[in-house]
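Comments concern the structure below.
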Amino acid sequence: MRKRLLSAGFFALLVVLSAVLAGCGSQASSGSAKSTALFDPDVPRSDAPEAIDAELANRFIQTKNASDKMFSEEDGRTVITHKYGRTVLPENPQRIVVVGLEDTVVSLGIPIEAAHLAPSSYLYDTMKAQGIENIPINVETKTVNLEAVQQASPDIILLRDSYDRNTYRALSKIAPVVSLDLQKEEVTELAAARAIGQSERGEARLLRYGEAGKTRHQEPYRRCDGGVSAHHAERYPPLSVLRQCDEPVHV
C-alpha cells in the first residue's frame, strides 16, 4: 500500500489556499479568517481506495457530529445554539432570507426569498435568474438594509456570523436568525439545511462533494467562475469549489 506524507511547508500552503477559497462567492468579508488543518501532516495517509473510503466516511461522521451538537429539542421545538445565542427554529420555513451565506444556500438548492445580489459575485446571474429579491448591503461597513429584509417577510434568516451582534439583534426583531460560520463551511452546509428542516439536502451535498474529491484528489480544479484552485495534492478541494458544480472540472 502506497503511503503519502505531506511536508509541513506544503501542507501549510494548502491550508492558506483553503482559507482564501472558503469564502468563494460570499457577499461580505469575514475579517480575519481562522483555519484548522483537516489532517495531521505528520501522519502518513494511504491512497488505496478502501483507505480513502474510510477517511471519507470518518470525515462525514465528524462533520455531522459537529453540526448535530448545535441542535437540541426543547418542548417539542428544535433549537440551535450559535455564536450569538440560541434560536428556536420555525417549522417548515418557506420564506428564507440569506445574509452573507448566499453560496452555501444556493449550493443546497434551497429557494431563497431575498439575499444580497452583488453584481461582482459569481452567483449574481444565478440568483437574478431565480428571481431572488436584492437586499442592499454596504459591504465596507456591513450595514444591512433592514427595510428590504422586512419587506421580504422572512420566516427565517440565515446570517453569516462575521456580521456583528447588533446586526443579529436588529434582524432578530424581524424573524428568527441563525448565525453560521462560513469558515467551517462543511458544518455550516449541514447546519443550514437542518435549520430549515431539510437535513437531507445538506447530507446529500456533502456526500457528493466527498465523492468528487475522492476521484480527483491529485488534480487541479477549475472553479465554477472560471478561476483555478491549485489544490494539487489535497485529497479534497474546498467545498466552495463545488458550490455550483456537481463535480470539479478538469483544468
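Observations, loosely collected:
- Net charge of Cβ neighbours under 12 Å - reference Arg77; Lys, Arg +1; Asp, Glu -1: -3
- Legend: residues Thr104, Thr81, sorted from most to least accessible area (1.4 Å probe; ligands, DNA and RNA excluded), read Thr81, Thr104.
- Rolling a 1.4 Å probe over the protein heavy atoms leaves Ser199 with an accessible area of roughly 40 Å².
- Global geometry of the stretch 44-131, whether rounded, prolate or oblate, following the gyration tensor of its Cα atoms and the 1.5 cut on a/c: oblate
- Cα gyration tensor shape of the stretch 109-174, rounded if a/c is under 1.5, else prolate or oblate by comparing a/b with b/c: oblate
- When Asp155, Asp125 are compared by accessible area at a 1.4 angstrom probe, the order from most to least is Asp125, Asp155.
- Area accessible to solvent at Arg194, 1.4 Å probe radius, in Å²: 70
- Sequentially through the stretch 164-178, phi angles give Karplus couplings (6.51, -1.76, 1.60; θ = phi - 60°) of 7, 5, 4, 5, 4, 5, 5, 5, 5, 6, 9, 6, x, 10, 10 Hz, Gly and Pro residues having no value and appearing as x.
- Net length gained if the chain between Asn145 and Ala204 were fully extended (0.36 nm per residue, minus Cα distance): 17.9 nm
The values are calculated or read from the model by the stated rules, or taken from the named source; none is laboratory data. Everything quoted here is computed from the prediction, not taken from an experiment. Using ideal geometry, Cβ is built from the backbone for each residue, glycine included, and neighbour counts are taken over all protein chains shown. Accessible surface areas use protein heavy atoms only, side chains included; no ligands, DNA or RNA. Shrake-Rupley method; radii C 1.70, N 1.55, O 1.52, S 1.80 Å.
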